[in-house]
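One structure is given below, encoded as structure tokens.
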Amino acid sequence: MSTKARVIIVGAGLAGMAAARSLTEHDVKVRIIDENPHPGGQLLRTIPAASRSTGLTREGPKRRGLALLSRLKSRRVEIHSQTQVVGSDGAGRVWVDSPRAPLQELSADRILLASGARETFLPFPGWTLPGVLSTGGAQLLIKGSGVLPAPEMVIAGSGPLPLALAREVLKYKGRITALLDESRLVDSLELLKLLPRQLPRLLQGIRLQGRLLRAGVLTRHQSRIIEARGDEQLAECTMAGLDSSGAPVPGSERTLRTPGLAVGCGLVPNIELGREMGCRAGYNQNKGGWVLLVSESQETSISGIYAAGEPTGIAGGNKALLEGEIAGLAIASSLKGRLSRKDRRRLARLRKRLKQELDFGAFLCRLARIPAAGYASIPKETIICRCEQIRLAEILESIHLGFSTMASVKKATRCGMGRCQGRTCAPILQEILMTHPDAASNGPAPLSVRSPVKPVALESLLEPKEGVR
Amino acid sequence: MLDNDSDSDIKFHMSDLGVTTHSRQDKVTIYVNGLAVPASSGGNVHAALQAAGFQILRRAGLEPRGIFCGMGVCYDCLITVNGRPGQRACMTPVHDQMEIQLDVD
Amino acid sequence: MANKTSDVLIIGGGVIGTATAYYLSRRKIRVVLLEKGELAGGTSGACDGLIFLQSKKSGLHLQMALKSQQLYQELAEQLPRSIHYQNKGGLVVMETEQDFKALQASVHTQQANGLEVDILDSRDLLAMEPHLSPKLLGASFSPLDSQVNPIAAAQALALGAQALGATILAGTEALDITRTSQGIDTVRTRQDRFQASIVVLAAGVQTPAIARMLGLEPPITPRRGQILVTESLPPLLGRCLLSARYLHAKYQTENGAGNQGGGVSMEQSESGNLLLGSTREFAGMNRRTTLSGLQTIARAAAGIIPALRDVQVIRSFAGLRPYTPDGFPILGRVPECPGLILAAGHEGDGIALAPITGRLIAELIADGVPSIPLDAFSYERFH
């Protein structure tokens with residue numbers, strides 16, 4: 001890898017690929033860095049290997065994603081897979097970690113952060129048992145590899161992922177013991193307000209529900225898994241109904257025997273790298289929590305660093321494509337001078353469509369959001385930080401002692417100090433603090449971010465390569 | 001993931017994606033704690049382990065852990081690959097004859 | 001805006017400020033402590049937890065460290081929360097003949113000064129720490145060297161002080177200090193005004209900025225120390241460890257670009273993570289880690305424990321050590337500013353010297369005379 005490209009794009013998902021296409025169209029040299037084994041992001045990871053090779057898929061962002069990938073391949077855009085940007089020098093040079101090569105410091109004229117999103121969860125006792133996995137992870141296993149996590153499954157959570165997973169489980173001849181949804185049925189009807197633009201999505205949802213019903217799977221609304229049990233691995237779990245505040249109704253518990261349980265409560269943006277670089281972040285529940293703040297040109301608070309897709313707000317694949325393209329055009333214009341009239345018109349069109357996708361994103365985020373009573377009803381013995389095995393009781397003790405901010409709870413308990421650097425527990429911890437009477441006044445806060453933002457082998461720090469200062 | 005478009009109804013075709021690792025699904029063999037396990041060369045190690053029934057991939061203290069996020073975030077599926085410890089099973093592509101060590105005792 | 005009074009007002013919620021609050025509270029003195037961010041949010045939260053006696057200069061410095069180590073043992077019993085104190089003994093490992101000669105000489109002096117310390121040859125060293133490189137020539141070993149968790153220590157000291165009546169205010173920044181000819185008048189924060197007959201300034205590298213409001217210029221400069229943290233590992237290192245080269249770097253006072261000697265400090269915490277440190281660089285208030293800094297530490301560490309090559313580094317951080325030109329802290333009253341006491345400038349010895357510093361400042365305030373004279377640490381020695 002030479003040390004200089006004009007633009008480094010972090011993430012080869014829809015946003016990153018869309019930006020790369022706009023940039024290569026304007027003859028800007030691009031390098032894409034992506035930690036996954038193959039480019040395409042999480043969305044294309046869900047395309048079975050077989051149809052990916054033939055490029056067969058239906059309309060929608062995935063089809064456009066495949067087309068983009070093909071275009072980038074044919075234009076020989078540099079894509080480095082299994083490679084991560086793990087830090088920066090704070091002045092435009094990024095630290096790149098690739099397999100079996102020392103960490104390298106690379107520079108670029110512009111950087112685009114298109115690092116996607118991850119799932120978030122409402123923890124319960126037993127959620128660390130093998131056999132309990134995320135709805136997104138289960139979907140990737142099934143669609144990407146044709147492997148069912150278990151022959152029969154309980155699926156629970158909020159937002160669109162549980163439903164999407166249920167469809168895949170049925171398609172691959174798995175059985176669904178129960179499909180639980182946190183929300184009320186009427187919450188989904190809010191989509192009606194976004195008609196007519198969102199009609200296709202509404203119809204899609206109705207078709208999906210119909211398909212599930214035909215297979216005998218009825219979504220139980222206002223329900224939640226409150227415990228999972230098993231010796232060494234999952235054997236059974238307990239479901240409960242929820243009252244209107246979102247708290248489990250005593251007496252409504254039922255035991256479900258199942259070897260597989262998939263859970264997920266929506267998505268949160270991956271903004272760690274942006275924050276490591278010093279980009280300003282803002283908290284917005286309608287965007288999935290902490291997001292990188294960007295201008296109309298997708299530029300962050302740090303000049304020359306841009307962000308596109310889920311890091312600026314959860315809204316799905318179409319928004320990622322639009323923002324990627326906008327960022328690509330904006331970066332091209334900042335490097336090459338004024339855009340052509342055609343491109344300027346294109347930008348205006350993209351921004352208009354972006355507005356509609358943002359409305360849809362807000363709907364998704366509201367639908368997935370767990371009410372305060374959900375977090376307030378987590379049992380004390382529940383592990384919150386999976387890496388350091390920190391239980392809620394320790395967090396409550398810390399709050400009781402007066403260490404009630406995100407940073408001081410982390411310091412007092414080690415919650416968020418493990419390998420994942422708080423990616424899984426920080427959004428949960430924040431909700432716990434925001435619903436606790438003695439901590440809520442601190443307001444939302446993200447955990448501090450330290451480089452390397454993802455673990456690297458110490459060995460990769462040993463032999464500096466050519467071109468490294 | 002968010003967009004529920006189905007890939008069952010095929011209406012679109014593209015000739016060559018150049019994604020060679022995905023163009024053929026070769027059956028290969030990987031070794032898990034010395035045991036031969038069949039796997040597909042296009043997939044990732046966590047899927048091969050799951051398919052072969054290895055649910056417990058490591059221990060956090062005494063607690064068993066398996067696949068959780070499946071997308072490189074949670075670091076729960078850490079395994080040793082060809083002697084290199086601390087690799088995420090869900091982010092490691094399958095290669096023929098690779099040796100996997102699960103630290104579960 | 002309310003007026004709040006106390007006997008003593010402490011500015012700074014790191015280990016020095018919280019230790020001072022604790023020892024003052026034990027003497028029944030009413031204390032308010034102001035911390036602009038989180039407790040241990042500055043240097044105390046970005047350092048290792050070594051209480052290394054072998055690294056102290058013979059004389060007063062070592063005498064204070066010995067006393068401080070004893071106080072830590074007491075604190076581990078007294079405080080309401082664990083400080084993760086572990087008296088595991090410490091090694092200074094030798095990689096070259098030159099290290100060997102230098103260390104032999106310093107061990108003799110330290111023994112003469114009353115420190116229990118011995119030289120181990122390579123075989124004894126490997127028997128004690130089997131994961132160390134067989135290439136090492138040996139080490140000096142002192143059973144007194146110990147370690148704490150500095151963050152836990154600062155939090156526990158604050159809780160201990162609070163239990164004895166102190167008021168600890170995190171998230172409260174001293175914005176302005178006014179003085180009269182008799183002493184300090186008022187310390188203003190965003191919410192309140194604080195008045196106290198004595199103000200203790202224990203703000204580490206932030207001390208000069210606050211002292212400047214009183215017309216003082218303590219020569220404290222931030223010296224950056226970068227530290228690598230590994231994933232949690234099974235026991236790999238039973239004792240605290242420094243490389244002999246690290247000691248050269250520590251006392252190299254010229255304005256160097258970094259830890260050129262390539263020395264390293266290591267400890268394995270109770271949670272199993274290894275802390276590998278640290279560089280010593282002058283980079284202003286910049287708290288970023290640098291790739292070259294991390295590479296320097298990684299190389300030095302892998303030379304001492306070869307198995308570290310395969311472990312994962314899960315984060316790095318940099319702390320700004322409050323460096324003074326002669327390597328000693330500034331402790332005690334300032335004649336030109338009655339009512340002010342300075343307790344800052346410990347550079348890399350802040351954790352080791354925190355209890356004794358807090359105790360001596362409390363004695364100075366309560367008794368007028370501390371049990372160890374503070375003349376050598378006076379503000380005037382620089383003016």
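Remarks
- Taking other C-beta atoms within 10 Å as the exposure proxy, B:V104, C:V199 rank B:V104, C:V199 from fewest upward.
- Selection from A:I271, B:I79, B:V32, by position along the positive dipole direction of the protein assembly as shown (Cβ): A:I271
- Annotation note: trypsin sites (Lys or Arg not before Pro) in the range C:172-212 located in DSSP loop regions with a Cβ neighbour count of at most 16 within 10 Å are C:R190.
- Relative contact order computed over the range A:121-265 (Cα-Cα under 8 Å; 6+ residues apart), in percent: 35
- For C:K57, the lysines whose Cα comes closer than 24 Å to its Cα, not counting residues fewer than 8 places off in the same chain, are C:K67, C:K88, C:K101, C:K250.
- For the options C:T290, C:T18, C:T221, a Gaussian network treatment of chain C with springs between C-alpha atoms closer than 10 Å singles out C:T290 as fluctuating the most.
- Sequence-separation-based contact order of chain A, relative, with Cα cut under 8 Å and 6+ spacing, percent: 18
- Using θ = phi - 60° in the Karplus curve 6.51 cos²θ - 1.76 cosθ + 1.60, the 3J(HN,Hα) couplings for the range A:441-458 round to 5, 5, x, x, 8, x, 6, 5, 10, 10, 7, x, 6, 10, x, 10, 5, 4 Hz; x is entered for Gly and Pro.
- Loop-located GluC sites (Glu not before Pro) in the range A:290-386 (DSSP state not H, G, I, E or B) with no more than 13 neighbouring Cβ atoms inside 10 Å: A:E296, A:E381.
- Taken over the Cα atoms of chain C, the convex hull encloses 125 Å³ per residue.
- Helix axis angle, A:61-74 relative to chain A longest principal axis, alpha carbon, degrees: 30
- Computed magnitude of the charge dipole of the protein assembly as shown (debye, nearest 20; Cβ of K, R +1, Cβ of D, E -1): 3940
- Taken along the Cα-to-beta-carbon direction at a fixed 7 Å, the label points for C:D367 and C:R212 span 3.7 nm.
- Only aspartates and glutamates eight or more places from A:K193 in sequence, or on another chain, were considered; those with a Cα closer than 20 Å are A:E357, A:D359, B:D3.
- Remark: mean inter-chain Cβ contacts per residue of B:53-65 equal 4, using a 10 Å Cβ-Cβ cutoff to other protein chain atoms.
- For chain C, the longest principal axis of the C-alpha atoms and the axis of helix C:291-304 are separated by about 50°.
- Projecting the Cα atoms of A:V186, A:Q209, A:V169 onto the charge dipole of the range A:121-265 (Cβ charges, centred on the Cα centre) puts A:Q209 farthest toward the positive pole.
- Rel. contact order, % - alpha carbon contacts under 8 angstrom, at least six apart, chain C: 24
- Within the range A:293-368, trypsin sites (Lys or Arg not before Pro) in DSSP loop having at most 14 other beta-carbon neighbours inside 10 Å: A:R338
- Distance violations [Cα-Cα > 31 Å] among A:K143/A:K410; A:K173/B:K27; A:K143/A:K336: A:K143/A:K410; A:K143/A:K336
- The angle between the Cα long axis of helix C:350-367 and the main principal axis of chain C comes to about 30°, on a 0 to 90 degree scale.
- What you get for the range A:121-265, charging only the Cβ of Lys and Arg (+1) and of Asp and Glu (-1), is a dipole of about 800 debye around the Cα centre.
- Cα gyration tensor shape of the range A:121-265, rounded if a/c is under 1.5, else prolate or oblate by comparing a/b with b/c: oblate
- Basic side chains Lys and Arg get +1 at the Cβ, acidic Asp and Glu get -1 at the Cβ, and with that the dipole of the range A:369-423 about its Cα centre reaches some 260 debye.
- In range of the label at A:V249: residues from the range A:177-214 whose backbone nitrogen is under 18 Å from the point 7 Å along Cα→Cβ: A:179-187
- A cysteine counts as unpartnered when no other cysteine's C-beta lies under 4.7 Å of its own; in the protein assembly as shown this applies to A:C237, A:C265, A:C279, A:C365, A:C387, A:C420, B:C77, B:C90, C:C47, C:C240, C:C337.
- Neighbouring partner chain Cβ atoms per residue of C:291-299, average, 10 Å criterion: 6
- By other beta-carbon atoms within 10 Å, ranking C:F52, A:F121 with the fewest at the front produces A:F121, C:F52.
- Highest-MSF residue in chain C out of C:G358, C:G284, C:G293 [GNM, Cα springs under 10 Å]: C:G284
- Isotropic mean projected area of the C-alpha convex hull, the protein assembly as shown (nm²): 39.7
- The separation of the range B:27-105 from the range A:366-435, counted between C-alpha centres, amounts to 29 Å.
- Inter-centroid distance (Cα atoms) of the range A:296-344 relative to the range C:339-366, Å: 53
Readers should treat all values here as calculations from the given coordinates under stated rules, not as data from a laboratory. Remember, predicted model here, so these are calculated numbers, not experimental data. Heads up, the Cβs are rebuilt from the backbone with ideal geometry, glycines too, and the neighbour counts pull from every protein chain shown.
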